[in-house]
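Scroll down for the structure; my scribbles are underneath it.
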Amino acid sequence: MELLPAELRAQLPALYAQEREDDPKMYIKFFTPWTNWTWYVTEGSEQEDDFIFFGYIIGHEREWGYFSLNELEAVRGPGGLTIERDLYFEPARFNEAMRQHNALSGG
């Protein structure tokens, strides 16, 4: 699966474009099918031979942070599983995306 197709790349605001937003828009959702890790992308920019995202990460903790396309593409789970992009995710503001996430995950 292509994690960042050209049409999504074109829609994504550059890094720091939403830094003053109280309720930033989430554009992409990545997840691991074998754990509860999820990455919600608010913005991103090309940097050298990588693409750097900023967004909300749900894993051991819930926190805002940076992560890279190369890192996401390198992750391998059991049986060679890879991180996937939620094909059904519709861009939503942070608060709405978290309501949906909590409803789906039970918390």
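Bear in mind that the values in this text are calculations on the coordinates, not laboratory data. Because the structure is a prediction, the values reported are computed rather than measured. Cβ sites come from the backbone with ideal geometry, for glycine too, and all protein chains shown count toward neighbours.
Residues considered: 33, 78, 91. Largest GNM mean-square fluctuation over the chain, using C-alpha springs under 10 Å, is found at 78. Listed values for region 73-84 are Karplus-derived 3J(HN,Hα) couplings in whole Hz (6.51 cos²θ - 1.76 cosθ + 1.60, θ = phi - 60°), namely 5, 7, 5, 10, x, x, x, x, 4, 10, 5, 10, and x replaces Gly and Pro. Overall shape: oblate for region 11-58, with the ratio a/c of the largest to smallest alpha carbon gyration tensor axis at 1.5 or above and b/c at least equal to a/b.
Once the chain from residue 45 to residue 99 is taken as fully extended at 0.36 nm per residue, the excess over their C-alpha distance is 16.7 nm.
Only helices enter the 222 nm calculation for the chain: every DSSP H run of n ≥ 4 contributes -39,500 (n - 2.57), and dividing by all residues gives -6000 deg cm²/dmol, rounded to 500.
For region 24-107, the spread of Cα positions along the three principal axes, ordered from largest to smallest, is 35, 31, 24 Å.
Spin-label model, residue 16 to residue 63: label points 7 Å out along the Cα-to-beta-carbon direction sit 2.2 nm apart. Along the charge dipole of region 24-107, Cβ charges K/R +1 and D/E -1, which of 104, 68, 57 sits furthest on the positive end? Selected residue: 104.
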